[in-house]
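Engineer: Following this message is one structure expressed as structure tokens.
The values are calculated or read from the model by the stated rules, or taken from the named source; none is laboratory data. Computed from a predicted structure; not experimentally measured. Virtual Cβ from ideal backbone geometry, glycine too; neighbours counted across all protein chains shown. Remember, those area values only see protein heavy atoms, side chains included, never the ligands or the DNA or RNA. Shrake-Rupley method; radii C 1.70, N 1.55, O 1.52, S 1.80 Å.
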Amino acid sequence: MITTMRQTTRRAVLTGLLRAALCVLASHSAFAQADPLPSWQEGATKKSIIEFVTRVATPGGPQFVPAVQRIAVFDNDGTLWSEQPVYFQVTFAFDRIKALAPQHPEWKDAQPFKAAIESDSGALAASGEKGLLEIVTATHAGMTTDAFSQTVADWLASARHPRFNQPYDKLVYQPQLELLAYLRQNSFKTYIVSGGGVEFMRVFAERTYGIPPEQVVGSSGVIKFQLGPDGTPELIKEPKIEFIDDGPGKPVGINRFIGRRPILAFGNSDGDLQMLQWTAAGGGARFIGIVHHTDGEREWAYDRTSPVGKLDKALEEGLARGWTIVDMKRDWKVIYPFQNP
């Protein structure tokens, strides 16, 4: 009898301790999850994100989405990192023109190369997309993919943004880094779908965003396989465009390289409109976000008339359809990680 009472008491004590431990763990977990987006201001925008993720990730809920279907796509330039005063890959290409100029004396009198060498932004703008394509092709082609990746890595390690004097890959948006992490914590698979060069972005995407190279979709040039002089297999970048992942090319790229329609898409410009439309057109729960650059003090303020990252038609459609428009000045406590206290 006494032994039985002692055993019962011991079990009760152990049960009580176990419950207390579970309560402590639960409280720590709740605290850790209390604010998954600390750099986002409290308000309707942040609330809409958290509510959407909660709905699609709650088993048994009316809008539950199986993890395998939780695909999130993000534009890169202007959505995950800055894009002013020109796209960062264009700056990389300009720097490569200057570095290669001694080997190409013909460039000093030929546009758009002359403008790049002389840092003549007016002449560069006048050359339009055709001129930029010529520059990118001339500086990227003829290299092995390994050599190109190393060149990009070296540039990112040494180049500095003219306004902030920071490496270009430090001008990423802290709130978006938190959002990417939050989505992955809730079993989303996060992708970059950008008009930027896929080989360029893959150099830094995993280190910077936690997005592995196989989850980066971008514009690409033709690449050929060959055996090098010593018989080593290598991939060579050719001066030909294979795929432009911008505008209507984005949903095509999603279909081609991902194979599932996303349930969440984020962009910042008219070049993202078709990707946003394609995502919104699917059934079930959907989240469509647009980053609106409204902060001229901490970043830049631009939209409808900007030659870089123009946001006009996508803004109109977003407002009409009730998509989530992120007002950078109002909704983000900080812009860049280096601004964190």
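Engineer: For the range 242-299, what are the residues that are of a type in the set (D, E, K, R), within 18 Å of the chain's Cα centre (by Cα) and part of a helix (DSSP H, G or I)?
Structural biologist: Passing the criteria: 250, 270, 272.
Engineer: Also, quick follow-up: If you take just the helices (runs of 4 or more DSSP H) that sit entirely in the range 165-232, which of them hold at least 1 residues that are closer than 17 Å to residue 91 by Cα and either open to solvent by less than 40 Å² (accessible area, probe 1.4 Å) or without any contact (Cβ under 8 Å) to a residue 12 or more places away in the chain (or both)?
Structural biologist: 198-201
Engineer: Scan the range 152-165 residue by residue and report those that are more than 23 Å from residue 136 (Cα to Cα) and of a type in the set (S, T, N, Q).
Structural biologist: Hit for the range 152-165 is 165, nothing else.
Engineer: Looking at 79, 139, which one is among the polar types (S, T, N, Q), over 23 Å from residue 206 (Cβ atoms) and open to solvent by less than 20 Å² (accessible area, probe 1.4 Å)?
Structural biologist: 139
Engineer: Right, residue 70: within 29 Å of the chain's Cα centre (by Cα), more than 17 Å from residue 201 (Cβ to Cβ) and not hydrophobic (A, V, I, L, M, F, W, C) or not?
Structural biologist: Yes.
Engineer: Restricting to the range 300-338, what's the tally of residues that are acidic (Asp, Glu) and assigned to a loop (DSSP other than H, G, I, E, B)?
Structural biologist: Residues in the range 300-338 being acidic (Asp, Glu) and assigned to a loop (DSSP other than H, G, I, E, B): 2 in total.
Engineer: Mind listing whichever residues of the range 52-68 are in contact with a helix residue (DSSP H, G or I) (Cβ under 9 Å, 6 or more places away or on another chain) and either closer than 24 Å to residue 337 by Cα or open to solvent by 30 Å² or more (accessible area, probe 1.4 Å) (or both)?
Structural biologist: Those that are in contact with a helix residue (DSSP H, G or I) (Cβ under 9 Å, 6 or more places away or on another chain) and either closer than 24 Å to residue 337 by Cα or open to solvent by 30 Å² or more (accessible area, probe 1.4 Å) (or both): 53, 62, 63, 64, 67.
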